[in-house]
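The values are calculated or read from the model by the stated rules, or taken from the named source; none is laboratory data. These figures come from a predicted structure and were not determined experimentally. In this analysis, Cβ positions are derived from the backbone assuming ideal geometry, glycine residues included, and neighbour counts consider all displayed protein chains.
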Amino acid sequence: LVLAHRAAASVGLQNSNAAMDDCNNALKLRPSFLKARVVRARALLSMGKTEDAIRDLVYCKKAYPCTVIQQELERAQNWHNQKLKQHEQTRKRQEEEQAKMAKAEADKQAAADKERARLNELERKRKRKEREQRERQKAREMWAEEERKRMAKEAQPGAPASTAGTRHYIWSHGQ
């Protein structure tokens, strides 16, 4: 009885661990001591261990159904339900945050992929332009080489007269 009273005082002083020790010691001496179980349930509630507190209070209610124990049990169950609800809300919030982070990461990856594709397309266009410029330069060089050969041929003694000037005139002015 003394241990149960000291445990009740410890719960009132917010010293749940000392209350638990006293209640456990009292219950070792007399396992059917309901006051020790009720006080232990209060200590468990103050420690946030609602499931263990409910277990003790259900035992007490079966052994001695009264309104005080019923009220303690309802209080413990309400607290437990609130705790579960808070846990569920926290879990949902975390899932929403994770979904937002995953979407942001996916959007970031999509933007990076799009930018990479844009840069690859620019690089392909640049290379195609360089290739076209090389081909035009090569064509100009080939034309210049042919012109040099033709002019060298015309400069040789006994070569036929050139029609290049006439061709150029007709090509640029029509007939």
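Yes/no per residue for (1) at pLDDT 90 or above; (2) surrounded by fewer than 11 Cβ atoms within 10 Å (Cβ to Cβ); (3) over 30 Å from residue 31 (Cβ atoms):
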| position | (1), (2), (3) |
| --- | --- |
| 65 | no, yes, no |
| 81 | yes, no, no |
| 87 | yes, yes, yes |
| 91 | yes, yes, yes |
| 98 | yes, yes, yes |
| 107 | yes, yes, yes |
| 119 | yes, yes, yes |
| 131 | yes, yes, yes |
| 134 | yes, yes, yes |
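Considering only the range 33-47, I want to know if a residue exists there that is out of contact with any helix residue (DSSP H, G or I) (no Cβ under 7 Å at 6 or more places or on another chain) and surrounded by 10 or more Cβ atoms within 10 Å (Cβ to Cβ).
No, that holds for no residue.
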